[in-house]
Structure formats: structure tokens, C-alpha cells
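The values are calculated or read from the model by the stated rules, or taken from the named source; none is laboratory data. These figures come from a predicted structure and were not determined experimentally. Cβ placement follows ideal geometry from the backbone for every residue including glycine, while neighbour counts extend to all protein chains displayed. Calculation scope for accessible area: heavy atoms of the full protein, side chains included, ligands and nucleic acids excluded. Shrake-Rupley method; radii C 1.70, N 1.55, O 1.52, S 1.80 Å.
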Amino acid sequence: MFFASGIFPPGIAGEVLRHNQAENIDASPLLYSEVEHMQKLEQRVKQMRLEASKSRENRH
């Protein structure tokens, strides 16, 4: 999310993200570990993607 926007949080978190981007380090699990209820969020994203896929199929 931060990489796509080009906006990084202030402080040490932003420094770490900028460093990881510069060194091509994928540290996304670290970010995900800080999110409460991540499993529920992931399940909802999967459901939304499935619904979007079905919607695209119905349009064709």
C-alpha cells in the first residue's frame, strides 16, 4: 500500500519502509502482523475477488 502511493509514514516505520524499497526487500508479513483480525480481512478480500470475477464473467 505504501509503495504504490509513494507516501511513507513518519519516523522509524517510514525509514524501514524506504530502506526495504531501496533494497528490494519484501517485508509485507511484518506489516500484516500488526493488523488486528487479519484472517477475517483476508477472507473478505477473497470473497470480494470471487464476486468480482463472477460479475465480470456475467458481463461477457
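Only residues that are at pLDDT below 85 and open to solvent by 90 Å² or more (accessible area, probe 1.4 Å) were counted across region 22-40, and they come to 7. For Ile12, the conditions (1) at pLDDT 80 or above; (2) surrounded by 10 or more Cβ atoms within 10 Å (Cβ to Cβ) are fulfilled apart from (2).
Annotation note: Cβ proximity below 6 Å between a residue of region 35-60 that is of a type in the set (A, V, I, L, M) and a residue that is open to solvent by 100 Å² or more (accessible area, probe 1.4 Å) and in a helix (DSSP H, G or I) (sequence gap 6+ or interchain) occurs for Met38/Tyr32.
Kindly indicate whether Met48 is at pLDDT below 80 and either within 18 Å of the chain's Cα centre (by Cα) or open to solvent by less than 100 Å² (accessible area, probe 1.4 Å) (or both). When the stated conditions are applied, Met48 does not pass them.
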